[in-house]
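Structure record follows, encoded as structure tokens.
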Amino acid sequence: MVKGFREKLAERQTVINSLVCVGLDPLPEKIPACVSPGDPLWARIVDWMKAIIDATAQYASMFKPQIAHYESIDGGVLTLQKIVKYIHDFHPDIPVFLDCKRGDIDRTQKRYAVAEFEIIGVDGMNFNPYMGKDCMEQLVDKNHPERAIVGLCYTSNPSAREIQDLHLVNGFPLWESIAWKTVLWANELGITKNAGLVMAAAYEKTKGSGYIYSEHLTRCREIVGDKLWFLIPGIGTQGGFITETVRAAFRGPGSIAINSSSGITDASSGTDFAEAAGAKACELRDQIRAAGGNCQPSFL
């Protein structure tokens, strides 16, 4: 029987005692000069990401490529396919999640499901719920209940507050309604076991205020309990706070994955780029552990 995404994530986090999600978001201008000089851009990116993957795998509970970083280069889909296949072939215990934020009418969303799950071959993906239940339902394949389908809920970009914090007539902010709807849809579709939400890391409410805001994570746990897992962006270059994030959201292995992308992949542009990426992933793992994100049973 095929393991579900969340089960696989929980097992991986327990084995390596790490909640780190390594984002694979290559920018052409950031490729270290030492990586396959003279080769086509797509081939250089494949070699770069393979080296990053190998260097960070011992700390990674999941890998998360962001699709725009591949679609924006010639041969990008093939590039992404090669990278996903490499992870599956050489690091099969690490799930691969595609950050693509798809959301469209039913027939179009169904094509996205084919594109991401079958053509690219990832184990999970996120969706934009703006067009309603169709956005989640059309990603569901009853023959593949193991796939992770994760809704955008409370994102880490500051301008998201203009929309996601809007209060509805019932007095609740829009993002809370999205959390309620996502867990309701997941229940109705029978996919709660592997469904999740994108929930931003704790952050400084007003720059320079010193007030670290994590109430959105606490409130979301009140709404969905432990039924959904959280993919948490905003750590690293975006300035999110680890301790407050872990304390508000962590409920044991498989409950959260904390992402860092450029903070890891762009740690060095020299010949030590892979070693530097591994060191950054290790540092983040240790910071999360120190904050209470320990995935080892207490008796170990």
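Remarks
- Being buried (at least 21 other Cβ atoms within 10 Å of the Cβ), among the charged types (D, E, K, R) and either in a loop (DSSP other than H, G, I, E, B) or out of contact with any strand residue (DSSP E or B) (no Cβ under 6 Å at 6 or more places or on another chain) (or both) is not true of Glu162.
- Residue count, region 148-159 (criterion: more than 14 Å from the chain's Cα centre (by Cα) and either within 20 Å of Lys181 (Cα to Cα) or in a loop (DSSP other than H, G, I, E, B) (or both)): 1
- Against the test of being within 17 Å of the chain's Cα centre (by Cα) and of a type in the set (A, V, I, L, M), the options Val2, Val35, Val96, Val77 yield a single qualifying residue, Val96.
- Region 238-264 - residue that is within 30 Å of Cys34 (Cα to Cα) and within 15 Å of the chain's Cα centre (by Cα) and, of those, modelled with the lowest pLDDT: Gln238
- Among the candidates Pro95, Pro26, residue that is within 24 Å of Val2 (Cβ to Cβ) and buried (at least 24 other Cβ atoms within 10 Å of the Cβ): Pro95
- Annotation: of all residues in region 39-49 being more than 18 Å from Ile67 (Cβ to Cβ) and touching a helix residue (DSSP H, G or I) at 6+ places or on another chain (Cβ under 9 Å), the one that is surrounded by the most Cβ atoms within 10 Å (Cβ to Cβ) is Arg44.
- Filtered by the rule that a residue be of a type outside the set (S, T, N, Q), surrounded by fewer than 19 Cβ atoms within 10 Å (Cβ to Cβ) and in a loop (DSSP other than H, G, I, E, B), region 107-139 gives Gly121, Gly132, Lys133.
- Scan of region 92-106 for residues that are under 10 Å from Val122 (Cα atoms), part of a loop (DSSP other than H, G, I, E, B) and out of contact with any helix residue (DSSP H, G or I) (no Cβ under 7 Å at 6 or more places or on another chain), ordered by number: none
- Condition check for Ala274: under 30 Å from Ser36 (Cβ atoms) and in contact (Cβ under 8 Å) with a residue 40 or more places away in the chain: yes
- Residue in region 228-235 that is buried (at least 19 other Cβ atoms within 10 Å of the Cβ), modelled with pLDDT under 95, under 17 Å from the mean Cα position of the chain (by Cα) and not charged (D, E, K, R) present: yes
Residue by residue, here is whether (1) within 22 Å of Ala200 (Cβ to Cβ); (2) hydroxyl-bearing (Ser, Thr, Tyr); (3) touching a strand residue (DSSP E or B) at 6+ places or on another chain (Cβ under 9 Å) holds:
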{"residue": "Arg247", "(1), (2), (3)": "yes, no, yes"}
{"residue": "Ile258", "(1), (2), (3)": "yes, no, yes"}
{"residue": "Asp272", "(1), (2), (3)": "no, no, no"}
{"residue": "Ala277", "(1), (2), (3)": "no, no, yes"}
{"residue": "Ile288", "(1), (2), (3)": "yes, no, yes"}
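- Meets criteria (out of contact with any Pro (no Cβ under 6 Å at 6 or more places or on another chain), within 18 Å of Trp229 (Cα to Cα) and among the aromatic types (Phe, Trp, Tyr)) for Phe5: no
- Residues (part of a helix (DSSP H, G or I) and hydrophobic (A, V, I, L, M, F, W, C)) located in region 48-64: Trp48, Met49, Ala51, Ile52, Ile53, Ala55, Ala57
- On the stretch given as region 249-286, residues that are surrounded by fewer than 23 Cβ atoms within 10 Å (Cβ to Cβ) and closer than 24 Å to Glu7 by Cα total 7.
The values are calculated or read from the model by the stated rules, or taken from the named source; none is laboratory data. If you're wondering where the values come from, they're calculated on a predicted model, not measured in any experiment. Glycine gets a Cβ as well: all are built from the backbone with ideal geometry, and neighbour counts include every protein chain shown.
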